[in-house]
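Chemist: Following this message is one structure expressed as structure tokens.
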Amino acid sequence: MIDALVGGRLWKQAEERRSQNGNTYVLAKVRAADGEGESMFISVIAFDQAAQDALLALEDGDSVSLAGPLKIGTYVGREGTKASVSMTAQRVLTSYHVQRKRKAVVGSGDAREASENWCEDAFPGAI
């Protein structure tokens, strides 16, 4: 698997489900642009409670960034073989989080340090 950061827009509302042993998880789809500007769908599953809560708070079309392991596969559709992409979201970043962090940075006086701290908190090991 690939450790990835994916940005895109939520496609439809995320759904909360319950496993046979009673644990909850959330399923979602995110539409993201590939390097050539074409859209692709990423199937997302979240087990972490904070990631679940963040996904469930979003509405169809909201911008979102996800961090976690990414798996690429293939499937045969009507138009031939296509790529399938799925991710286990361990961290979720939304525009709400960005606005909250920006307000904290403005009040701190040291924007770079606050920005680096925020990135490390949101995505451990990224810096």
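The values are calculated or read from the model by the stated rules, or taken from the named source; none is laboratory data. Note that the structure is predicted; figures quoted are calculated from it, not measured. All Cβ positions, even for glycine, are placed from backbone atoms using ideal geometry, and neighbour counts span all protein chains on display.
Chemist: Could you please find all residues in segment 56-68 being among the small types (Gly, Ala, Ser) and either closer than 11 Å to ALA46 by Cα or in contact (Cβ under 8 Å) with a residue 60 or more places away in the chain (or both)?
Modeler: Once the filter is applied, which keeps residues that are among the small types (Gly, Ala, Ser) and either closer than 11 Å to ALA46 by Cα or in contact (Cβ under 8 Å) with a residue 60 or more places away in the chain (or both), segment 56-68 yields SER65, ALA67, GLY68.
Chemist: Does GLY37 meet the test of being at positive phi and modelled with pLDDT of 95 or more?
Modeler: no
Chemist: Identify, by number, the condition in (1) free of Cβ contacts under 8 Å to residues at least 40 places away in the same chain; (2) surrounded by 12 or more Cβ atoms within 10 Å (Cβ to Cβ) that SER43 doesn't meet.
Modeler: Failed condition: (1).
Chemist: Under 6 Å between Cβ atoms, at least 6 apart or on separate chains: pull out the pairs that start in segment 69-92 with a residue that is assigned to a strand (DSSP E or B) and end on any residue that is surrounded by 12 or more Cβ atoms within 10 Å (Cβ to Cβ) and of a type in the set (S, T, N, Q).
Modeler: Matching pairs, first to second residue: PRO69/THR88; LYS71/SER86; GLY73/SER84; TYR75/SER84; SER86/SER43.
Chemist: Which count do you get for residues in segment 74-95 that are under 17 Å from ARG9 (Cβ atoms) and either touching a Phe, Trp or Tyr at 6+ places or on another chain (Cβ under 9 Å) or modelled with pLDDT under 90 (or both)?
Modeler: Adding up the residues that qualify gives 5.
Chemist: Report yes if LYS71 is on the phi < 0 side of the Ramachandran plot, surrounded by fewer than 17 Cβ atoms within 10 Å (Cβ to Cβ), out of contact with any His (no Cβ under 8 Å at 6 or more places or on another chain) and modelled with pLDDT of 95 or more, otherwise no.
Modeler: Spelling it out, LYS71 is indeed on the phi < 0 side of the Ramachandran plot, surrounded by fewer than 17 Cβ atoms within 10 Å (Cβ to Cβ), out of contact with any His (no Cβ under 8 Å at 6 or more places or on another chain) and modelled with pLDDT of 95 or more.
Chemist: Another one. For ASP53, indicate whether it is touching a strand residue (DSSP E or B) at 6+ places or on another chain (Cβ under 9 Å), surrounded by 15 or more Cβ atoms within 10 Å (Cβ to Cβ) and acidic (Asp, Glu).
Modeler: So ASP53 does not fit the description; no.
Chemist: Can I ask one more? Can you tell me how many residues within segment 14-48 are farther than 22 Å from ILE2 by Cα, not hydroxyl-bearing (Ser, Thr, Tyr) and not in a strand (DSSP E or B)?
Modeler: 4
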